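Working notes, beginning with the structure itself.
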Amino acid sequence: MLNIVQPNICFIGSSNLSLALIGGLVLKGFQKEKINLIEEGKFDNEIILKQKQHEVKKADIVVLLVDPKNLKVILAPLKKWLADKTIVSMMAGINIKQLMNITGSKKVIRIISNPPVLTYTGTHVLIGSEYLEPLDKELVETIYSATGQTYWANSESESDAIIALSGSGPAYFFYILDSMVKTGVSMGLDKQFALDLALQAASGAVDMVRKSNVQPSELCGKVTLANGITESALRMFELGNLSDDIRLALKAAYHRSKEISLEINAEIARHSVN
């Protein structure tokens, strides 16, 4: 993976996500000495502040994973060195234009990730500013591929839909798997055995979609016999309007994502006034 010229990366904000990203990079052969992590917080000690400023100054890429409402305060003593950096934001609610204004950099990428990143099997959807060079995109994409699949969105206007489908997506499958396992247990199966079977069914279904290049709706028909066992189950899904429930669930996530962005920006405005 990392046969590229390895950039210096500075993570600002420590979390399970940032630690997973760092761990994935190291496993893929990224040099530890090229990674720095700055904990979120005020730099009251002058010596510590100068150290953090030095870390930002030597970085090529700065990754932001802080509480959005604290972003301006945290970056204030570091902003002088941010303008020529590639800024990567993994924060909710702050758009590219705002990030450009806060950091002074025109080279900004927003990234929407999901929880399986923690096991290096996640999804990263990248949204870039118009000022990015091809090399900037290639470097960031390569770095994030250490912990999952990477995709580029067509536009930042897609961000709420991406969050609803991909960002929250794993939880939907956890919910379905849990229901399948509980039902399997109620029919007499051992819990672990039921989980193993459900996981393999899900994994196999995903592989069929990927390898056959056939749409899920068509595959559903291909594996279902008229008046058969599978059809009896799918008929119950239809009677219960499961498809509508899934649509409504994703729409709820979509609208909540928009609401959270408004709430975050209102909170940022209040902190700016104070």
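The values are calculated or read from the model by the stated rules, or taken from the named source; none is laboratory data. What you see is a predicted model; the values in this text were computed from it and never measured. All Cβ positions, glycine included, derive from the backbone under ideal geometry; neighbour counts span all protein chains shown. With ligands, DNA and RNA removed, areas are computed over all heavy atoms of the protein, side chains included. Shrake-Rupley method; radii C 1.70, N 1.55, O 1.52, S 1.80 Å.
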Original post:
Taking only Cα atoms, what is the 0 to 90° angle, nearest 10, from helix 134-144's long axis to the longest principal axis of the chain?
Top reply: 60 degrees
Original post:
With the other protein chains left in place, how much accessible area per residue, in square angstrom, belongs to region 9-156 at a 1.4 angstrom probe?
Top reply: 47 Å²
Original post:
region 176-209 to region 1-80: how many Å between their Cα centroids?
Top reply: 40 Å
Subject >> Among (i) 57, 42, 34; (ii) 72, 53, 34; (iii) 73, 44, 36, the entry derived from the coordinates for Cα extents along the principal axes in Å >> reply: (iii)
Original post:
Among all the lysines, which ones have a C-alpha under 29 Å from Lys191's C-alpha, if same-chain residues fewer than 8 places away are not counted?
Top reply: Lys182
Subject >> Principal-axis tilt of helix 191-212 within the chain, Cα atoms, nearest 10 degrees >> reply: 80 degrees
Original post:
What does the accessible area of Lys28 come to, in Å² to the nearest 10, when a probe of 1.4 Å is used?
Top reply: 110 Å²
Original post:
Out of the DSSP beta bridges found with both residues in the chain, what percent are antiparallel (nearest 5)?
Top reply: 20 percent
Original post:
When you count, for each residue, the other Cβ atoms within 10 Å and take the mean per peptide, how do 220-228, 128-136, 110-118 rank with the highest first?
Top reply: 110-118, 128-136, 220-228
**OP:** Obtain the nm distance between the two label points defined at Trp152 and Asp244 by a simple spin-label model: each point lies 7 Å from its Cα along the Cα-to-C-beta direction.
**Re:** 4.1 nm
Original post:
At what distance in nm do the modelled label points of Lys251 and Val214 sit from each other, each positioned 7 Å from its Cα along Cα→Cβ?
Top reply: 3.1 nm
Subject >> FRET efficiency for Glu141 and Lys191, using Cβ-Cβ distance with R0 set to 45 Å, rounded to 0.05 >> reply: 0.65
Original post:
How many nm separate the modelled label positions at Lys222 and Asn265, each set 7 Å beyond the Cα in the direction of the Cβ?
Top reply: 4.4 nm
**OP:** Could you check how much of the accessible area of region 9-156 is carbon and sulfur, as a whole percent, using a 1.4 Å probe?
**Re:** 51 percent
Original post:
Could you give me the ³J(HN,Hα) list for region 110-117, computed from phi with Karplus coefficients 6.51, -1.76, 1.60 and θ = phi - 60°, whole Hz, x at Gly and Pro?
Top reply: 8, 10, 9, 10, 10, x, x, 4
Subject >> Degrees between helix 169-186 axis and first principal axis of the chain (Cα, 0 to 90, nearest 10) >> reply: 40 degrees
**OP:** For the chain, set up a Gaussian network in which alpha carbons nearer than 10 Å are linked by springs, and say which option among Leu139, Leu75, Leu189 fluctuates the most.
**Re:** Leu189
Subject >> Phi-based couplings in Hz for region 242-247 (Karplus 6.51, -1.76, 1.60; Gly and Pro marked x) >> reply: 4, 4, 5, 4, 5, 4
**OP:** Could you check which residue among Ser186, Ser243, Ser18 shows the biggest mean-square fluctuation in a GNM of the chain with a 10 Å Cα cutoff?
**Re:** Ser186
